[in-house]
1. Could you tell me whether PRO135 is at pLDDT 90 or above and either under 20 Å from the mean Cα position of the chain (by Cα) or not aromatic (Phe, Trp, Tyr) (or both)?
2. Tell me, yes or no, whether the stretch 31-52 has at least one residue that is among the aliphatic types (A, V, I, L, M), within 14 Å of PHE110 (Cα to Cα), in contact with a helix residue (DSSP H, G or I) (Cβ under 8 Å, 6 or more places away or on another chain) and at pLDDT 80 or above.
3. Counting just the residues of the stretch 63-106 that are among the small types (Gly, Ala, Ser) and in contact (Cβ under 8 Å) with a residue 60 or more places away in the chain, which one comes out nearest to THR133 (Cα to Cα)?
4. Looking only at the stretch 128-145, count every residue that is assigned to a strand (DSSP E or B) and either surrounded by fewer than 14 Cβ atoms within 10 Å (Cβ to Cβ) or not β-branched (Val, Ile, Thr) (or both) and tell me the total.
5. Go through (1) assigned to a helix (DSSP H, G or I); (2) modelled with pLDDT under 75 and name the single condition MET1 misses.
6. So which residues in the stretch 58-98 are surrounded by 14 or more Cβ atoms within 10 Å (Cβ to Cβ) and assigned to a loop (DSSP other than H, G, I, E, B), if there are any at all?
7. If you take the residues of the stretch 110-148 that are out of contact with any Asp or Glu (no Cβ under 6 Å at 6 or more places or on another chain) and of a type in the set (Gly, Ala, Ser), which of them is nearest to VAL59 (Cα to Cα)?
8. Do the conditions hold for ARG124, that is, is it more than 16 Å from the chain's Cα centre (by Cα) and either closer than 19 Å to ASN49 by Cβ or not in a helix (DSSP H, G or I) (or both)?
Amino acid sequence: MFTRMSDINRMFGAMDLLRNRMDRIFSDYDRSRISGPGYRLASNSPRTNLMENGDSFEVQAEVPGIAREDLDIKIQGNYLEISGNRSVDTPDGYKVHRNERGGSTFSRCFTLPDELDADKADARLENGILYLTLPKSDTAKPRQITIN
């Protein structure tokens, strides 16, 4: 049977329309995937910068309103996990009229390109920003070999 070219074009047009609609349905399914010019994160995940400085990695994570005691940092090999808990307690005798800053928990995990020396890691919290200095392990650092 002979099929006209316009019928085939119409079929591919319908397939493109279906694909576009499916993309729109599932666009918010995984908020941490790359989309457009940057990463899209869940609202309670801290925005994080990760940089490398020769012998170490530098991490800056926005964690406003979270105390030192409520942050947890774990390092294993080249795996870094930053987690925390923000709690909002109502003082005794107060009645809540609006609660927009609710409590939340978060966990961010990173796999770094090199092994880390967890014993030499340094963390500090200043003005709602967590600063981490993560030195590379000695096995990850390049070595100069002299020729005899």
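The values are calculated or read from the model by the stated rules, or taken from the named source; none is laboratory data. As the structure is a prediction and not an experimental result, all values here were calculated from the model. Virtual Cβ from ideal backbone geometry, glycine too; neighbours counted across all protein chains shown.
1. Criteria met by PRO135.
2. No; the residues of the stretch 31-52 include none that is among the aliphatic types (A, V, I, L, M), within 14 Å of PHE110 (Cα to Cα), in contact with a helix residue (DSSP H, G or I) (Cβ under 8 Å, 6 or more places away or on another chain) and at pLDDT 80 or above.
3. In this case the residue turns out to be GLY65.
4. Within the stretch 128-145, residues that are assigned to a strand (DSSP E or B) and either surrounded by fewer than 14 Cβ atoms within 10 Å (Cβ to Cβ) or not β-branched (Val, Ile, Thr) (or both) number 6.
5. (1)
6. VAL63, ILE66, ASN78
7. ALA123
8. For ARG124, the condition - more than 16 Å from the chain's Cα centre (by Cα) and either closer than 19 Å to ASN49 by Cβ or not in a helix (DSSP H, G or I) (or both) - is met.
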